[in-house]
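Student: Before we start, here is the structure in question, set down as structure tokens.
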Amino acid sequence: MADELVEQGKALATSGSGSVLACATCHGAQGEGNAAGGFPFLAGQGANYLAEQLEHFASGKRSNPIMQPIAKAMTPEQIKAVSAYFTQLPAPLDKNMLSAHLDLYPAQEQLGAWIANRGDWNNNIPACIQCHGPGGVGVGDAFPALAGLPAAYITEQLKAWRDGKRDPGPLALMGEIAKRMNDEQISATSDYFAKLPANLKNQTVTEGAK
Ligand code: HEC
Ligand code: HEC
């Protein structure tokens, strides 16, 4: 049963159907995303999270000119199937490597690393890793992985929440957090998470005051 759903999702993701364009065209053959194009990875994200985003695109709660028509053309069964398919693909980040090289105590001048790991409590901004997990690897079905998402994509999401163009999600957590972030913090934090997996691979992760 579950396998059948995954197979249906795979067929839709790779070949599309009618006005539902093949997801692979933009999100990659393995759902790994495309940093240059600004397309987020879907592989390994929670199934409920993915399904909810597609429902929000379809209803207009989340606005995006590319995804809205695609999601609107999808049936509830197709949404369930692609979500089941993408969630079981391996996330394009190495969780062991991320947790082995965490930079939990960055220097305060390293703005992105600081916000991600420590937050900015003067402005009621919690550390991102409190919900998104150490290294931004994601936690369970509700908190998506951030590490390795394109920087432009992360920035766009935070600004969309600030401008009320993306549904604030569970308990309106992200809507509230994004509103408290200034442009400089958004840009630095986006950059930090986008570069995290690559930086770890190259072992150039910054050594802060430990
Ligand atoms: C023509 C390119 C294109 C195609 C084809 C496409 N997408 Fe997307 N997708 C995007 C873009 C661009 C975004 C980022 C939208 C935003 O900034 O909110 C996105 C975002 C998403 C998100 C939100 C991810 C997140 O982390 O919140 C989901 C889920 C998604 N797409 C699923 C799909 C599925 C399933 C398919 C196939 C049925 C598909 N997409 C086909 C371009 C595409
Ligand atoms: C209190 C918990 C919490 C904290 C702290 C938190 N987030 Fe989130 N974040 C969430 C939830 C829940 C979602 C899923 C929202 C949804 O379902 O639409 C999310 C989603 C996101 C997304 C969307 C990912 C995608 O694939 O589209 C981004 C980007 C993001 N958060 C960035 C951040 C950043 C940057 C910080 C730190 C400044 C942060 N978050 C701190 C709870 C949190």
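Student: Calculate the spin-label point distance for Asn48 paired with Trp121, positioning each point 7 Å from the Cα along the beta-carbon direction, and give it in nanometres.
Tutor: Inter-label distance under the simple model: 3.0 nm.
Student: Could you pull the Rg and Dmax for region 2-87, using just the Cα atoms, both in Å?
Tutor: Cα-based Rg and Dmax for region 2-87 come out at 11.6, 33 Å.
Student: Show that you can apply the helix-only estimate: for the chain, add -39,500 (n - 2.57) for every DSSP H stretch of four or more residues, divide by all residues, and state [θ] at 222 nm to the nearest 500.
Tutor: After summing the helix terms and dividing by the residues of the chain, the value is -14500 deg cm²/dmol.
Student: So how far apart, in nm, are the two label points at Ser59 and Leu104 if each is 7 Å from Cα heading toward Cβ?
Tutor: Each label point lies 7 Å from its Cα, and together they span 3.8 nm.
Student: Give or take rounding to whole Å, what are the principal axis extents of the alpha carbon atoms in the chain, in descending order?
Tutor: Principal extents (largest minus smallest coordinate, Cα): 54, 34, 29 Å.
Student: Quote the FRET efficiency, to the nearest 0.05, computed for Ala2 versus Ala172 with a Förster distance R0 of 45 Å and r equal to the Cβ-Cβ distance. Please report the intermediate quantities before stating the final value.
Tutor: Numbers: r = 32 Å, r/R0 = 0.71.
Result of the calculation: an efficiency of 0.90.
Student: What FRET efficiency do you get for Leu21 and Val139 if R0 is 22 Å and r is their Cβ-Cβ distance, rounded to the nearest 0.05? If you can, show how the numbers build up before the last one.
Tutor: Working: r = 30 Å, r/R0 = 1.38.
Given R0 = 22 Å and the Cβ-Cβ separation, E is 0.15.
Student: Rounded to the nearest 0.05, what FRET efficiency do Ala73 and Gln30 give with R0 = 22 Å and r taken as the Cβ-Cβ distance? Could you check?
Tutor: 0.40
Student: If you add up the charges near Val82, with Lys and Arg at +1 and Asp and Glu at -1, over every other residue whose beta carbon is less than 14 angstrom from its beta carbon, what do you get?
Tutor: Taking every Cβ under 14 Å from that of Val82, the sum is -3.
Student: What is the gain in length, in nm to one decimal, between Ala152 and Thr14 on full extension, counting 0.36 nm per residue of separation less the C-alpha to C-alpha distance?
Tutor: 47.2 nm
Here, each number is a calculation from the coordinates, and none is a lab measurement. Computed from a predicted model, the values in this text were never measured in an experiment. All Cβ positions, even for glycine, are placed from backbone atoms using ideal geometry, and neighbour counts span all protein chains on display.
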